[in-house]
1. Being touching a Leu at 6+ places or on another chain (Cβ under 8 Å), over 21 Å from Ile121 (Cβ atoms) and modelled with pLDDT of 80 or more is the filter here; which residues of segment 38-86 pass it?
2. What number of residues within segment 111-148 are free of Cβ contacts under 8 Å to residues at least 12 places away in the same chain and either touching a strand residue (DSSP E or B) at 6+ places or on another chain (Cβ under 8 Å) or charged (D, E, K, R) (or both)?
3. Kindly indicate whether Met117 is modelled with pLDDT of 90 or more and farther than 30 Å from Lys147 by Cα.
4. Only one of these is at positive phi and either surrounded by 13 or more Cβ atoms within 10 Å (Cβ to Cβ) or over 17 Å from the mean Cα position of the chain (by Cα) (or both): Ala126, Ala75, Ala139. Name it.
5. Considering only segment 77-134, how many residues are over 30 Å from Lys38 (Cα atoms), assigned to a helix (DSSP H, G or I) and aliphatic (A, V, I, L, M)?
6. Which of the residues spanning segment 135-157 are part of a strand (DSSP E or B), at pLDDT 90 or above and not hydrophobic (A, V, I, L, M, F, W, C)?
7. When the residues of segment 1-21 are filtered to those that are within 20 Å of Asp94 (Cβ to Cβ) and among the small types (Gly, Ala, Ser), which remaining residue is surrounded by the most Cβ atoms within 10 Å (Cβ to Cβ)?
Amino acid sequence: MKGVLDKVISPTQSAFVPGRHIHDNVIAAFETIHSIRKNSGSGAANLVLKLDISKAYHRVEWLFLKKMMAKLGFAESWVQLILRQLAFSNLQGDPLSPYLFLLCSEGLSCLFSHADMMGFIHGVQASRNAPSVSQLLFADDSLVFAKAEMQEVVNLK
């Protein structure tokens, strides 16, 4: 499974994806938050929302995992094999757990990306030439960046 994660998991997720390093998102978060603080007096107020999914592995819905795996292009036989394995394991200690949680959290990532693309939320640019950042994911922790406006908060809800 590790071999395909970098192809199906959004670049905003840095944990447990081979070839990516969690410190990359830590640096991106630091730079983005620094930019927000630096520009706080310019009238363009932004917000940072930290999401922490407690007991993340216990909260995985099997039907959602199945649908996400299908949507991400996993073969039905592979999906069934994984689900059979999970039926007999303690997900919290299973070595597959972090990777399966990434597949589930990709759904959340896609929702944030879509909201940003449609203009429902607006990410933050750390500098003039930097890309807009609307989310950074660290396994079961996430940072969401948006304008500090009532409509964007409502859209995040």
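1. Trp62, Leu65, Lys66, Met68, Met69, Leu72, Ile82, Leu83, Gln85
2. Number of matching residues: 2.
3. Against the criterion (modelled with pLDDT of 90 or more and farther than 30 Å from Lys147 by Cα), Met117 does not qualify.
4. None of the others qualify; the one that does is Ala139.
5. Result for segment 77-134: 10.
6. Of everything in segment 135-157, those that are part of a strand (DSSP E or B), at pLDDT 90 or above and not hydrophobic (A, V, I, L, M, F, W, C) turn out to be Gln135, Ser142, Lys147.
7. Ala15
Okay, residues lined up against (1) within 16 Å of Trp62 (Cβ to Cβ); (2) small (Gly, Ala, Ser); (3) in contact with a helix residue (DSSP H, G or I) (Cβ under 9 Å, 6 or more places away or on another chain):
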site	(1), (2), (3)
Ser97	yes, yes, yes
Phe101	yes, no, yes
Cys104	yes, no, yes
Leu108	no, no, no
Leu111	no, no, no
Met117	no, no, no
Val124	no, no, yes
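The values are calculated or read from the model by the stated rules, or taken from the named source; none is laboratory data. Since the structure is predicted, the reported quantities are computational estimates derived from the model, not experimental observations. Here the Cβ is made from the backbone with ideal geometry for all residues, glycine too, and neighbour counts use every protein chain on show.
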